[in-house]
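**Q** Structure incoming, see below.
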Amino acid sequence: MGKKLSYLFSKFIIDGIEKPATPARILLSCFSDLSLDGAPGETIVDETLDLAPSVYKFDENRISEYLDIVRGSSSQAFPLIFPESATCLAVASSVIDKLWRSGRHTLADLSVRAQWNWNDCEIGNMASFYASVESAAAYIDGLELPLTSVEISDGRPGVSFKVDGASPRRSCPASAVDAPDSWLVYIPFDSCEFRLGGSVLSRAVDARSAVGPDISDSAYFIDCYEVVRELVEDKIVKAGIGVGEGGLAAAIAAFTSRTGAEVNVSGICKAYGEFPVRVLFSEVPGVLIQIDDSDFDYVDAELLLQDIAYFPIGHPSGGTLRIASDPASGLPSILESLLGSRASEGED
């Protein structure tokens with residue numbers, strides 16, 4: 001379990017308020033088959049970190065520059081001020097990785113192992129740890145997945161999840177194939193709004209965005225996973241990649257690194273009433289898939305049937321990557337009626 005197992009069995013007093021349950025009790029209340037043994041730990045007193053004020057304004061004309069910044073960013077520390085969204089994104093990304101596996105499996109065939117690396121060296125660390133455990137327990141339980149093991153090790157704060165129960169082999173590649181008439185389709189796996197708090201971009205430019213995405217709609221994630229999984233098993237998906245750290249922009253760049261692409265996100269912006277920078281760099285879990293034009297109507301029907309929002313955003317171009325956010329390209333935006341038009345809630 002690691003030498004910091006006592007964290008799980010400690011009482012927490014955060015911002016002067018004693019928490020009603022230890023991290024271990026939180027986990028065991030959600031996962032009755034989980035085995036956790038340990039002696040009561042010391043009482044941990046900490047406080048929640050607040051962001052220092054910032055006047056940073058994102059420029060919608062600098063999307064290419066922002067993408068270069070994100071792609072060039074080295075591995076960053078866990079965003080302690082946004083433990084909930086960072087933890088849920090890590091869970092979702094690990095589960096989404098199993099979408100592309102060969103053979104047949106469903107979400108119900110999977111299980112999760114959790115690994116926290118943490119220390120109490122700085123103010124705010126342990127408050128963030130407690131929030132991370134709470135978020136992981138609620139989200140994994142909402143996905144109806146068993147949590148089979150928990151490990152705690154000493155180190156720089158961070159959390160990772162391993163998902164078991166699927167073939168190690170991929171059914172489709174993680175990079176788009178050269179097929180200019182095929183479609184690149186974006187499917188967000190959560191119904192939350194696009195917010196930049198905790199994102200790679202926000203941290204890289206020290207924007208200190210104050211609001212992160214509220215990744216919590218596990219029921220919607222289940223619906224998305226089941227439909228996309230069927231499309232993978234039926235060989236409808238030519239290639240696929242998860243959308244996670246770095247956001248949609250980073251996923252597009254990685255996915256089309258060999259083919260280039262003509263991409264337009266105006267449909268997403270219109271559907272959500274959102275700015276392009278947020279749509280492209282907010283770290284909302286989802287997928288980017290490639291499908292043949294001949295399969296478009298079938299995919300449209302399958303996703304409509306489950307009330308899943310999706311957006312055809314472009315085609316492989318055989319050249320460079322170009323990302324636009326104006327409606328001039330004429331690419332259709334699908335399922336706007338499901339999402340409605342949401343007013344933006346001010347600058348991040």
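What follows is calculated from the coordinates using simple rules that are stated; it is not laboratory data. Just so it is clear, the structure is predicted and the values come from calculations on it, not from any experiment. When we count neighbours, we look across all protein chains shown, and the Cβ atoms used for this are built from the backbone with ideal geometry, even at glycine.
**Q** Quick one: helix 83-96 against the long Cα principal axis of the chain, what's the angle to the nearest 10°, folded into 0 to 90?
**A** Helix 83-96 sits roughly 60 degrees off the main axis of the chain.
**Q** For segment 51-180, what is the percent of antiparallel DSSP beta bridges, rounded to the nearest 5?
**A** Numbers: 8 of 15 bridges.
Within segment 51-180, antiparallel bridges account for around 55 percent of the total.
**Q** For the residues T259, T48, T43, what sequence is obtained by ranking on other C-beta atoms within 10 Å, fewest first?
**A** Numbers: T259 22, T48 15, T43 10.
Going from least to most buried by this count: T43, T48, T259.
**Q** Build a GNM of the chain with springs between Cα atoms under 10 Å: which of I63, I289, I215 gets the top mean-square fluctuation?
**A** Ranking I63, I289, I215 by mean-square fluctuation puts I63 first.
**Q** Related question: If you compute Rg and Dmax of the Cα atoms in Å for the structure shown, which of (1) 20.5, 63; (2) 24.7, 86; (3) 22.1, 70 do you land on?
**A** (1)
**Q** To the nearest 10 degrees, how steep is helix 63-72 against the longest Cα principal axis of the chain, on a 0 to 90 scale?
**A** 50
**Q** Taking the number of other C-beta atoms within 10 Å as the exposure measure, put S167, S6, S294 in order starting with the fewest.
**A** So the residues, fewest neighbours to most, are S294, S167, S6.
**Q** In what sequence, highest mean first, do 170-178, 243-251 appear when ranked by Cβ atoms within 10 angstrom? Don't skip to the answer; put the middle values down first.
**A** Working: 170-178: 16.2, 243-251: 23.8.
Sorting 170-178, 243-251 by mean packing, highest first, produces 243-251, 170-178.
**Q** Which value at 222 nm does the chain reach when only helices count, each DSSP H run of 4 or more adding -39,500 (n - 2.57), with the total divided by all residues and rounded to the nearest 500 deg cm²/dmol?
**A** Working: 11 runs with 107 residues, N = 348.
Computed ellipticity for the chain at 222 nm equals -9000 deg cm²/dmol.
**Q** Also: What FRET efficiency comes out for the pair N61/A21, r = Cβ-Cβ distance, R0 = 41 Å, nearest 0.05? Each step should come with its number before you reach the end.
**A** Details: r = 48 Å, r/R0 = 1.18.
Working from the Cβ atoms, E equals 0.25.
**Q** If each residue of separation counts as 0.36 nm, what is the full-extension length gain between R104 and N119 once their alpha-carbon separation is subtracted?
**A** Numbers: separation 15, 0.36 × 15 = 5.40 nm, distance 4.02 nm.
That pair, R104 and N119, stretches by 1.4 nm at full extension.
**Q** Now for a separate question. Could you work out how far the C-alpha centroid of segment 203-254 sits from that of segment 1-48, in angstrom?
**A** Centre-to-centre distance over Cα atoms comes out at 31 Å.
**Q** Which net charge results when you count Lys and Arg as +1 and Asp and Glu as -1 among the other residues whose beta-carbon is under 15 Å from that of S73?
**A** In short, -3.
**Q** Could you tell me how many degrees, from 0 to 90 and to the nearest 10, lie between the Cα long axis of helix 125-142 and the main elongation axis, the longest principal axis, of the Cα atoms of the chain?
**A** 60
**Q** Here's something else I'd like to know. If you build a Gaussian network model of the chain, linking Cα atoms that sit under 10 Å apart, which residue out of S73, S325, S111 swings the most?
**A** S73
**Q** Given the options L305, L27, L143, which has the most mean-square fluctuation in a GNM of the chain, springs set between C-alpha atoms less than 10 angstrom apart?
**A** L305
**Q** Right, next: Quick one: net charge around G142, please, counting Lys, Arg +1 and Asp, Glu -1 for every other residue with C-beta under 12 Å from its C-beta.
**A** Cβ neighbours under 12 Å give a net charge of -4.
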